[in-house]
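So the structure is just underneath, and the comments pick up after that.
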Amino acid sequence: MSELSTILSSALLMLIMVDPSDKILLVTFLREDFGIEDIKVLIVRANLIGFFLLASFAVAGQIILQDIFHIDINALKVAGGFVLFKIGLEALESGGMFTLRRERDILALAAVPVAMPLIAGPAAITAVITLTAEYGYTVSLSATAIAIATVAISMFIALYMMKSVNKTALSITIRIIGLFIMAIGAQMMVEGVIGIYLLMVNAGG
């Protein structure tokens, strides 16, 4: 597999983890209380913060886990897979991944909860650390940038097409994405368990 195809497949994984449909639904709710210009600022600020948070985990996450806490990547896959499975299950059951509080200052919403945890949440953080461990910094950072850019563009489109956005359809889409996240989480757990088993076998041999 070429580096470009690896980046694109990794970007698709990150896009599923970040889930643009949830952010589109968020924009439709914000539009009821705030003006378009304010929401534009929120979209730009939230996605920039989200990208820098994920980039930080991509660069430092593996170092912190392996060099400081001495956590094997396979253990991360098991734990992260469990987190992903739980997040996917909640999305599948509720049709949403966030609870929006009423806030007068829209810039306060940009950092919390939009940038974190809606963009740079447990699922995306786990995925970006795993991508760095498997493919290196170039792939993980490029994939993250593509995914975040796609989410930002989707939010801008939703801002101007709010009247045509069907919240029921979005809720169904979120549930479908939740199912995919559950499957990815299950696969990560299986890969982690197999990796730990092989390490034990090699150590024993």
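What follows draws every value from the coordinates through simple rules; no lab data is involved. It should be emphasised that the depicted structure is a prediction, and the values quoted were computed from it without experimental measurement. Please note: Cβ atoms are built from the backbone with ideal geometry, for glycine as well, and neighbour counts cover all protein chains shown.
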Straight-line reach check, K40, cutoff 18 Å on alpha carbons, 8 or more apart in-chain or any other chain, hits among aspartates and glutamates -> D22, E32, E103, D105
If I model a spin label as a point 7 Å beyond the Cα along the Cα-Cβ vector, how far apart are those points for S171 and F69 in nm? 3.6 nm
Which value, in debye to the nearest 20, describes the size of the charge dipole of the chain about its Cα centre when Lys and Arg Cβ atoms bear +1, Asp and Glu Cβ atoms bear -1, and nothing else is charged? 460 debye
For the chain, modelled as a Gaussian network with Cα springs under 10 Å, which listed residue fluctuates most, A75, A133, A169? A169
Distance between modelled label sites at M200 and S5, nm, 7 Å Cα→Cβ extension: 3.5 nm
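If I take R0 = 22 Å and measure r between the Cβ atoms of Q187 and A60 in this structure, what FRET efficiency does the formula 1/(1 + (r/R0)^6) give, to the nearest 0.05? Numbers along the way, then the final one.
On the way: r = 25 Å, r/R0 = 1.15.
Plugging the Cβ-Cβ distance into 1/(1 + (r/R0)^6) gives 0.30.
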What is the chain's relative contact order, in percent, from Cα pairs under 8 angstrom and six or more apart in sequence? 45 percent
Could you work out how far helix 3-18 tilts from the main Cα principal axis of the chain, as a 0 to 90 degree angle to the nearest 10? 60 degrees
On each of the three principal axes the extent of the alpha-carbon atoms of segment 103-205, given in whole Å and largest first, is 63, 28, 25
How large is ³J(HN,Hα) for each residue in segment 110-116, as worked out from phi by the Karplus curve 6.51 cos²θ - 1.76 cosθ + 1.60 (θ = phi - 60°), to whole Hz, x for Gly and Pro? 4, 7, 9, x, 6, 4, 9
So the angle from the long Cα axis of helix 167-204 to the longest Cα principal axis of the chain, reported in degrees to the nearest 10, equals 10 degrees
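When L48, L42 are ordered from fewest to most other Cβ atoms inside 10 Å of their Cβ, what list results? Don't skip to the end; give the middle numbers.
Values: L48 15, L42 24.
Placing the least packed residue first, the sequence is L48, L42.
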With the alpha-carbon atoms as the only input, what is the per residue convex hull volume for segment 1-146 in Å³? 114 Å³
